[in-house]
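K.L.:
Once you've had a glance at the structure underneath, I'll fire off some questions.
The values are calculated or read from the model by the stated rules, or taken from the named source; none is laboratory data. Note that this is a predicted model, so its numbers are computed, not measured. Reconstructed Cβ throughout: ideal geometry from the backbone, glycine too, with neighbour counts over all protein chains shown. What goes into the accessible areas is simple: the full protein's heavy atoms, side chains included, and nothing from ligands, DNA or RNA. Shrake-Rupley method; radii C 1.70, N 1.55, O 1.52, S 1.80 Å.
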Amino acid sequence: MTFSVHGLAVSRGIAIGRAVLVASSRADVAHYFIDADKTVEEIQRVRVARDAVAEEIARVQRDLPKDAPHELSALLDVHLMLLQDEQLSDGVKHWITDRLYNAEWALTTQYEVIARQFDEMEDEYLRERKADLEQVVERILGFMKGVASPVFPAAQAASRQPRQQDLLLDDTMDVPLVLIAHDISPADMLQFKQSLFVGFATDVGGKTSHTAIVARSLDIPAVVGARSASQLIEQDDWVIIDGDSGVLIVDPSPIILAEYGFKQRQGELERQRLNRLKHTPALTIDGQKVELLANIEMPDDTAGAVAVGAVGVGLFRSEFLFMGRTGKLPDEQEQYLAYRKAVEGMQGLPVTIRTVDIGSDKPLDRLAGKAQDGQLNPALGLRAIRWSLADPPMFLTQLRAILRAAVHGQVNLLVPMLAHASEIRQTLSLLDHARAELDNKGIAYGPVQLGAMIEIPAAALTVKLFLKYFDFLSIGTNDLIQYTLAIDRADEAVSHLYDPCHPAVLRLIADTIAECKAQGKGVSVCGEMAGDVGMTRLLLGLGLRSFSMHPSQILAVKQQVLRADASKLQRWAQDVLASEEPSALLSP
Ligand code: PEP
Ligand code: MG
């Protein structure tokens, strides 16, 4: 039966595919298709791992001391029984043989199917056996990790991305897949960059949560904050993800499917039309030049930025180099090579590298994220520059790497989350120190323009102080809104109050832009607001001439710029600023 689930639209377009439910704790399990002639081998991989785990449990049971509580042995019996459970092995076999899932993916998929049945059981004792099943599956996965090697790596799998016509071939494995999860960390999300999913949805997350931002960078339709989607949707259900209106339609009827198929084609045509603007200079009707820059997470993203005609990188979120590495941070050489790759990738255009912004909803890895749950307010805690200043050797390593990359092209160094003059001074002194270290070792480095993010209201209210020390400012509206309105940007429960057009937010943005212009300093916006076509005219009217956004948004924003008359917008923007309900004055 068709039903819909509502969430927040984060990434445009329509995706239609079968649901793959991925538990957040298992997002790091490899997902790829195997070759059809490898199914026997793949099933064997699970069998070998399962037998090894069974053997290990049996050995533990044999070696139990005589006086060990009886419950312990009984529990091990349960684990042995679950290991041999036919529903588990038959299910795994099904996902491998019929869908060509790799072994780990098949195992976790079948786990999700059985876990759901456990959830529905009346008997509490049986319901609690889900935790045992989970442990057993974890053990098998752990064993396979040691011996597993992808038969069909993710990048190749991506090239096998199914087409919509495959919808007709319902029963083959060659159908589009959409990812449904309760939550996915930004680090895990990165894993899906090269992957086989055509869309995704999560239960939690706000519009500018980091998961949503990475989702946008995957450039596939996505919905976050869909509350209980991962409970309501079942493995393998057909799902339409409408990334434009934030709706999921489950088990759609043929009429609905046809309607969305049509919308999907319209969207594709629109993209092709926008593509023609790639080489058009971004000038307003009255001849004002506007700079459209790219936000990137990894050096390879520069290819996408160049492809859409970005005139530089306005925000390289360097923390993505640090995440998902179980705490082992990249050393100077690794970072230098990554920054250099980004600089070279931009072929002479400027690259703004932001120093690491770890913390809050961007934990170093999932375990660190759990540890962080202990903090009462992680968004107000040790993140970004606070984290960097708390670990000078780590920060110096990054600063040296960035300075070295500046030999290869124009690099701007951007510092996140500054609020205090003392933090500014410490940062600058560490930068001097990094230069001195390189001088001492005789290592070459280049000049950098120095910028600060304005993303805490305290910073926006003391812009003059910032301009004393910095060459340019970049307004991080995602955090500026979060901190001005006291709304956790990652919490879907308060997402209705997350308002970029709140008069207080607009006032802080307007004043920051005005002060930079008065002093002849560069200013840009690099939060999600910069890529929102509904905000382009207002930002132009407030005097902004530099926008940094995900590459997939650049052409649509350019279209707005080409249609805008900046001098007329200036007067109108003052009316918007003075209004009680500014959003009412913005045309859709
Ligand atoms: C912002 O806060 O607007 C920003 C660009 O930084 P991030 O989204 O990475 O916190
Ligand atoms: Mg920020």
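K.L.:
Within region 395-403, is even one residue touching a strand residue (DSSP E or B) at 6+ places or on another chain (Cβ under 8 Å) and of a type in the set (Phe, Trp, Tyr)?
P.N.:
no
K.L.:
Only one of 483, 445, 498, 469 is on the phi < 0 side of the Ramachandran plot, among the aromatic types (Phe, Trp, Tyr) and touching a strand residue (DSSP E or B) at 6+ places or on another chain (Cβ under 9 Å); which?
P.N.:
One residue alone meets the criteria, 469.
K.L.:
How many residues does region 458-517 contain that are touching a helix residue (DSSP H, G or I) at 6+ places or on another chain (Cβ under 7 Å), within 14 Å of ligand 1 (Cβ to nearest atom) and charged (D, E, K, R)?
P.N.:
2
K.L.:
Considering 134, 112, 138, which residue is in a helix (DSSP H, G or I) and touching a strand residue (DSSP E or B) at 6+ places or on another chain (Cβ under 7 Å)?
P.N.:
Being in a helix (DSSP H, G or I) and touching a strand residue (DSSP E or B) at 6+ places or on another chain (Cβ under 7 Å) holds for just one of 134, 112, 138, which is 112.
K.L.:
Taking the options 562, 577, name whichever one is closer than 30 Å to residue 269 by Cα, away from ligand 1 (no atom under 16 Å from the Cβ) and in a helix (DSSP H, G or I).
P.N.:
That would be 562, the only listed residue that is closer than 30 Å to residue 269 by Cα, away from ligand 1 (no atom under 16 Å from the Cβ) and in a helix (DSSP H, G or I).
K.L.:
Can you pull out the residues in region 384-434 that are within 16 Å of residue 329 (Cα to Cα), within 16 Å of ligand 2 (Cβ to nearest atom) and assigned to a loop (DSSP other than H, G, I, E, B)?
P.N.:
If the condition is that a residue be within 16 Å of residue 329 (Cα to Cα), within 16 Å of ligand 2 (Cβ to nearest atom) and assigned to a loop (DSSP other than H, G, I, E, B), then 384 is the only one that fits.
K.L.:
Further, regarding this structure: For region 23-77, how many residues are in a loop (DSSP other than H, G, I, E, B) and of a type outside the set (Ser, Thr, Tyr)?
P.N.:
So the count comes out to 15.
K.L.:
Also, I was wondering about something else. Could you tell me whether region 434-456 includes any residue that is open to solvent by 10 Å² or more (accessible area, probe 1.4 Å) and within 16 Å of ligand 1 (Cβ to nearest atom)?
P.N.:
Within region 434-456, one or more residues are open to solvent by 10 Å² or more (accessible area, probe 1.4 Å) and within 16 Å of ligand 1 (Cβ to nearest atom).
The rows are residues; the columns are (1) within 26 Å of residue 522 (Cα to Cα); (2) open to solvent by less than 20 Å² (accessible area, probe 1.4 Å).
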position	(1), (2)
290	yes, yes
293	yes, yes
309	yes, no
317	yes, yes
324	no, no
329	no, no
332	no, no
341	yes, no
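K.L.:
Answer yes if at least one residue in region 532-550 is within 28 Å of residue 376 (Cα to Cα), among the acidic types (Asp, Glu) and under 25 Å from the mean Cα position of the chain (by Cα), and no otherwise.
P.N.:
The answer is no, given that none of the residues of region 532-550 is within 28 Å of residue 376 (Cα to Cα), among the acidic types (Asp, Glu) and under 25 Å from the mean Cα position of the chain (by Cα).
K.L.:
Looking at residue 352, is it polar (S, T, N, Q) and either in contact with a Pro (Cβ under 8 Å, 6 or more places away or on another chain) or more than 16 Å from ligand 1 (Cβ to nearest atom) (or both)?
P.N.:
no
K.L.:
Now a separate question. Go through region 505-536 and give me each residue that's open to solvent by 30 Å² or more (accessible area, probe 1.4 Å), closer than 17 Å to residue 479 by Cα and without any contact (Cβ under 8 Å) to a residue 40 or more places away in the chain.
P.N.:
Selection gives 532 alone.
K.L.:
Condition first: of a type in the set (Lys, Arg), free of Cβ contacts under 8 Å to residues at least 24 places away in the same chain and within 21 Å of residue 352 (Cα to Cα). Can you find one or more residues in region 393-409 that meet it?
P.N.:
Within region 393-409 (the criterion being of a type in the set (Lys, Arg), free of Cβ contacts under 8 Å to residues at least 24 places away in the same chain and within 21 Å of residue 352 (Cα to Cα)), the answer is no, since none of the residues qualifies.
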